[in-house]
1. So, A211, is that one of a type in the set (G, A, S) and in contact with a Ser or Thr (Cβ under 7 Å, 6 or more places away or on another chain) or not?
2. In the set A265, A299, which member is surrounded by fewer than 23 Cβ atoms within 10 Å (Cβ to Cβ) and closer than 23 Å to H134 by Cβ?
3. Taking only the stretch 167-196 into account, find how many residues are within 21 Å of the chain's Cα centre (by Cα) and either farther than 21 Å from S99 by Cβ or small (G, A, S) (or both).
4. Kindly provide the set of residues from the stretch 47-61 that are of a type in the set (A, V, I, L, M, F, W, C) and within 10 Å of L103 (Cβ to Cβ), ordered by number.
5. Tell me which residues, restricted to the stretch 265-317, are among the aromatic types (F, W, Y) and not in a helix (DSSP H, G or I).
6. Are any of the residues in the stretch 195-205 out of contact with any Phe, Trp or Tyr (no Cβ under 6 Å at 6 or more places or on another chain), assigned to a loop (DSSP other than H, G, I, E, B), surrounded by 14 or more Cβ atoms within 10 Å (Cβ to Cβ) and among the hydroxyl-bearing types (S, T, Y)?
7. Output yes when any residue across the stretch 239-254 is in contact with a Leu (Cβ under 9 Å, 6 or more places away or on another chain), crowded, with 20+ Cβ neighbours inside 10 Å and more than 21 Å from R137 (Cα to Cα), and no when none is.
8. Pick from the stretch 206-219 the residues that are in contact with a Pro (Cβ under 6 Å, 6 or more places away or on another chain) and closer than 23 Å to K291 by Cβ: which of them is surrounded by the fewest Cβ atoms within 10 Å (Cβ to Cβ)?
Amino acid sequence: MSELRPTTTQNPPPLDVRLGCPAVIDPTRARPAIDLLSPLTIEGVTFKNRIVVSPMCQYCAVDGLADDWHLVHLGSRAVGGAGLIFVEATAVLPEGRISPGDLGIWGDQHIEPLARIARFLESQGTVPGIQIAHAGRKGSCEPPWLGGARLKPTDPAAWDVVAPSPIPFHDDDPAPIELDHAAIDRVVEAFAAATRRAVAAGFRIIEIHMAHGYLLHEFLSPLSNHRTDEYGGSLENRFRLPLRVVKAVKAEIPEGSPLFVRISATDWVAGGWDLEQSVELGKAFCLAGVKVVDCSSGALVPHAKIPVAKGFQVPFAATIRRESGVGTGAVGVITDPHQANEIITSGAADLVFVGREMLRDPYWPIHAEQALQKPAHWPIQYGYAVKPIKS
């Protein structure tokens, strides 16, 4: 049995995370204390702590292939003590990349370079995860350090982008190609094939990217989905492709490997995707066998006013966890170990995803152990350097 939190009037209902839905429990039964550094078992996978390295794009692959940069970048975070590390958004099709420098998993040639990373992460006691993605209308762009603009159609590195409806991300961008039914089927199969390759590469956790304005988020939001067929209009119809992808991916995952999904809990724009719809999606995910929803927000439209602040997205994780019954991960300007610990001890989320702070400090989990006055698990190779110097 996985760990369960006591029921209180403030906290979400306790979860049996093996099932992913609210557990029927005896509230008088004693339960162990849970904090940021507690192990967590979901189905057949145990994380040594609740700290997750978020998928963070590096935009430096060639032909989608992982290289030494990706190994060292992710490997250093494993040495730093994270319980789960996600490889960045990895495109299921060449046209599903954000930029020409994105990682890919659309061909068998991508398996072994990714497997090298997964093997090293696991050797350090970290669970290897990968986020599989399709950029939709936000593809074919420069890397951020060149401005991130859409590549000109005449650029030899550019490609035609696709979307649920021919609505560009920026008004002055060329309109994306609207996916027909055959193309939608191809996307579903691409996610399934990507999952098979990810499993072959040794990844224990697959996360489907449905956030940040990329293709599956575009289908969910009424701002970007103006379709009049069975993939548009009603909430049920807008759920259709994301749930088809969940079903296709789950069919390729071995028993005992939990499925994660990242969503944007709100577009931050009136009339767009919002928290209420996210709760309903969480319920559908729960029934479909998704174990954790990684709760981000925004990035569907460029004009959204997002109130970025310390922990500003944590309430989304708490609400979705409480009202839908699915496990959640909290993200968004989480920088301090005490802040992260409170997210777990309060019952707001089951996992804490740390992104930019982990770029600044790959040893953040070990420093969190020290800040929370727990034994610091430095690698044995560093032992002589971290011991206090005797005078």
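1. Details: of a type in the set (G, A, S): yes; in contact with a Ser or Thr (Cβ under 7 Å, 6 or more places away or on another chain): yes.
Judged against the criteria, A211 is a match.
2. Of A265, A299, the one residue that is surrounded by fewer than 23 Cβ atoms within 10 Å (Cβ to Cβ) and closer than 23 Å to H134 by Cβ is A299.
3. Residues in the stretch 167-196 being within 21 Å of the chain's Cα centre (by Cα) and either farther than 21 Å from S99 by Cβ or small (G, A, S) (or both): 8 in total.
4. C57, C60, A61
5. Within the stretch 265-317, W268, W273, F312 meet the criteria.
6. no
7. Within the stretch 239-254, one or more residues are in contact with a Leu (Cβ under 9 Å, 6 or more places away or on another chain), crowded, with 20+ Cβ neighbours inside 10 Å and more than 21 Å from R137 (Cα to Cα).
8. Of the residues in the stretch 206-219, the ones in contact with a Pro (Cβ under 6 Å, 6 or more places away or on another chain) are 210, 216, 218-219.
Okay, now just the ones that are also closer than 23 Å to K291 by Cβ, so 210, 216, 219.
Working: M210: 27, L216: 25, F219: 27.
Selected residue: L216.
The values are calculated or read from the model by the stated rules, or taken from the named source; none is laboratory data. None of the values given here were measured: they were computed from a predicted structure. In this analysis, Cβ positions are derived from the backbone assuming ideal geometry, glycine residues included, and neighbour counts consider all displayed protein chains.
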